[in-house]
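Visitor: Starting off with a structure, shown below.
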Amino acid sequence: MVSSDYYFKELPAWVTKFNAQRPADRFFKAKWERLLAPEEYLKRAGADSPPWEDIGTVAGETNSFPHTITGGADKTGPKFYDAVQFSPFGNEIELSFAKQTIEAEDLGRDEDTDVLSISFDSNDFVGHRYGPFSQEVMDITLRFDQQVAELLDFVDARIGLSNTIVVFTADHGVAPIPKQVLTSGLAAGRADYAEIQRRVSAAISARYNPQAKSPDPTADYLYRYDDSGKKIRICRRCGGDV
């Protein structure tokens with residue numbers, strides 16, 4: 001868990017202790033099983049591994065239950081920690097931290113109003129990976145219902161729900177996977193970013209290099225950047241990276 005030095009130069013001691021316990025590590029090689037009987041999911045969400053589900057190239061993982069959480073790694077590390085987010089276990093870590101926040105910061109124990117905002121992000125990750133009508137989304141939603149109940153019971157016991165205002169909201173929904181939409185006979189697809197870049201480059205050249213000079217003086221008008229901020233040259237012909 002991290003913060004910003006806008007608020008303080010060092011994390012509170014209890015947060016440092018929480019991080020030192022490496023709470024995600026206990027989920028290494030954990031199996032994400034379905035909460036209910038498989039037939040309940042088949043009835044409400046359809047098959048477990050339809051062809052449109054695509055988890056990418058995660059070593060040792062499939063798009064069907066049970067999911068073994070390793071991220072393709074043989075020990076805890078970045079790949080594993082990333083994989084935890086795509087499971088209900090990510091929410092469990094957040095729930096544990098939220099409860100410790102309430103205790104350590106003594107929230108709700110005086111006349112001043114305290115605000116605790118929690119974003120349970122694993123729902124979002126699972127929705128994007130497997131699609132909103134997947135058995136995985138059904139299962140994480142069932143588990144999330146239990147996690148919310150656990151949090152509210154904790155607040156009720158420590159502070160009292162009669163002294164608490166609870167607000168639920170969402171940052172966005174999850175659109176069906178395009179391949180699944182196609183099976184319903186509807187027009188769908190994914191954006192071809194290389195083709196978009198190629199067309200933008202061609203339009204720039206037509207506008208600012210109408211004489212078709214060679215080399216094209218507009219060749220460096222369009223760039224993209226990687227996650228580290230490094231500038232990437234774009235191929236004018238194919239729209240890919242140079």
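Only the coordinates and a few stated rules stand behind these numbers; no lab work does. A quick note: this is a predicted structure, and the numbers were derived from the prediction, not measured. Note: ideal-geometry Cβ built from the backbone for every residue, glycine included; neighbour counts use all protein chains shown.
Visitor: On a 0 to 90° scale, report how tilted helix 193-208 is relative to the longest principal axis of the chain, with both axes built from alpha carbons and the result rounded to the nearest 10.
Guide: Around 50 degrees separate the two axes.
Visitor: Would you mind telling me which residue in ASP226, ASP153, ASP121 has the biggest mean-square fluctuation in a Gaussian network model of the chain, where springs connect alpha carbons within a distance under 10 angstrom?
Guide: Of ASP226, ASP153, ASP121, the most mobile in the Gaussian network model is ASP226.
Visitor: For the chain, what does -39500 (n - 2.57) per DSSP helix run (n ≥ 4), summed and divided by total residues, give at 222 nm, in deg cm²/dmol to the nearest 500?
Guide: Values: 8 runs with 95 residues, N = 242.
Value at 222 nm, helices only: -12000 deg cm²/dmol.
Visitor: Another question, then. Find me the longest stretch of the chain that has none of the exposed trypsin sites (Lys or Arg not before Pro), where exposed means in a DSSP loop (not H, G, I, E or B) with at most 14 other Cβ atoms within 10 Å.
Guide: Details: sites that count: LYS9, LYS29, LYS75, ARG109, ARG190, LYS213, LYS230, ARG237.
The longest such stretch corresponds to 110-189.
Visitor: Could you work out the relative contact order of the stretch 193-233, using alpha carbon pairs under 8 angstrom and six or more residues apart, expressed as a whole percent?
Guide: Numbers: 25 pairs, mean separation 10.8, N = 41.
Relative contact order of the stretch 193-233: 26 percent.
Visitor: Expressed as an acute angle from 0 to 90° and rounded to the nearest 10, what is the orientation of the C-alpha long axis of helix 88-104 relative to the principal long axis of the chain?
Guide: Compared with the principal axis, the helix lies near 50 degrees.
Visitor: Estimate the FRET efficiency between ASP156 and SER49 by the formula 1/(1 + (r/R0)^6), using the beta-carbon distance for r and 41 Å for R0, to the nearest 0.05.
Guide: Numbers: r = 40 Å, r/R0 = 0.97.
Using R0 = 41 Å, I get an efficiency of 0.55.
Visitor: I want to make sure I understand the PRE zone here: with the label point 7 angstrom from the Cα of GLU103 toward its beta carbon, which residues in the stretch 149-167 have backbone N atoms less than 13 Å away?
Guide: Only 154-155, 158 pass the distance filter.
Visitor: Near SER119, within a Cβ-to-Cβ distance under 12 Å, what is the net charge of the other residues, with Lys and Arg +1 and Asp and Glu -1? Write out the running numbers ahead of the final one.
Guide: Details: positive: none; negative: GLU94, ASP121, ASP124, ASP171.
The answer is -4.
Visitor: Which whole-Hz couplings ³J(HN,Hα) result when phi for each residue of the stretch 140-157 is put into the Karplus expression 6.51 cos²θ - 1.76 cosθ + 1.60, θ = phi - 60°, listed in order with x for Gly and Pro?
Guide: Once θ is set to phi - 60°, the couplings for the stretch 140-157 become 5, 5, 4, 5, 5, 4, 5, 5, 5, 4, 5, 5, 5, 4, 5, 4, 5, 5 Hz.
Visitor: Quick one: length gained pulling ALA206 to VAL2 fully straight, 0.36 nm per residue minus the C-alpha distance?
Guide: Details: separation 204, 0.36 × 204 = 73.44 nm, distance 4.80 nm.
Here the segment from ALA206 to VAL2 would lengthen by 68.6 nm.
Visitor: OK, next. Quick check: the distance between the Cα centres of the stretch 64-96 and the stretch 168-217, to the nearest angstrom?
Guide: Here the two parts' Cα centres lie 32 Å apart.
Visitor: Additional query: Out of the stretch 78-131, which GluC sites (Glu not before Pro) are coil in DSSP terms and have no more than 15 other C-beta atoms within 10 Å? Please list the in-between numbers first.
Guide: On the way: sites: GLU92, GLU94, GLU103, GLU105, GLU111; in loops: GLU105, GLU111.
Sparse-neighbourhood loop GluC sites (Glu not before Pro): GLU105, GLU111.
Visitor: Quick check on the exposure proxy: order ASP124, ASP171 from fewest to most C-beta atoms within 10 angstrom. Walk me through the intermediate numbers first.
Guide: Values: ASP124 17, ASP171 7.
By the 10 Å Cβ count, ascending: ASP171, ASP124.
Visitor: Below 10 angstrom from the Cβ of GLN147, what's the summed charge of the other residues (Lys, Arg +1; Asp, Glu -1)? Show your work: numbers first, answer last.
Guide: Details: positive: ARG143; negative: GLU92, GLU94, ASP145, GLU150.
Net of charged neighbours comes to -3.
Visitor: Report the net charge of residues surrounding ARG34, where surrounding means a beta-carbon distance below 13 angstrom and charges are Lys +1, Arg +1, Asp -1, Glu -1. Don't skip to the end; give the middle numbers.
Guide: Working: positive: LYS31, LYS43, ARG44, ARG143; negative: GLU33, GLU39, GLU40, ASP48, GLU136, ASP139.
Net of charged neighbours comes to -2.
Visitor: List the residues whose amide H sits under 5 Å from the amide H of ALA30, counting only those 5 or more places along or on another chain, with H placed 1.01 Å from N in the peptide plane.
Guide: ILE69
Visitor: Which value, in nm² and rounded to one decimal, describes the direction-averaged projected area of the C-alpha convex hull of the stretch 13-183?
Guide: 11.5 nm²
Visitor: Follow-up. Any chance you could run the full-extension gain for ALA170 through LYS9? It's 0.36 nm times the residue separation minus the Cα-Cα distance, nm to one decimal.
Guide: Working: separation 161, 0.36 × 161 = 57.96 nm, distance 3.10 nm.
Taking 0.36 nm per residue and subtracting the Cα distance, the gain is 54.9 nm.
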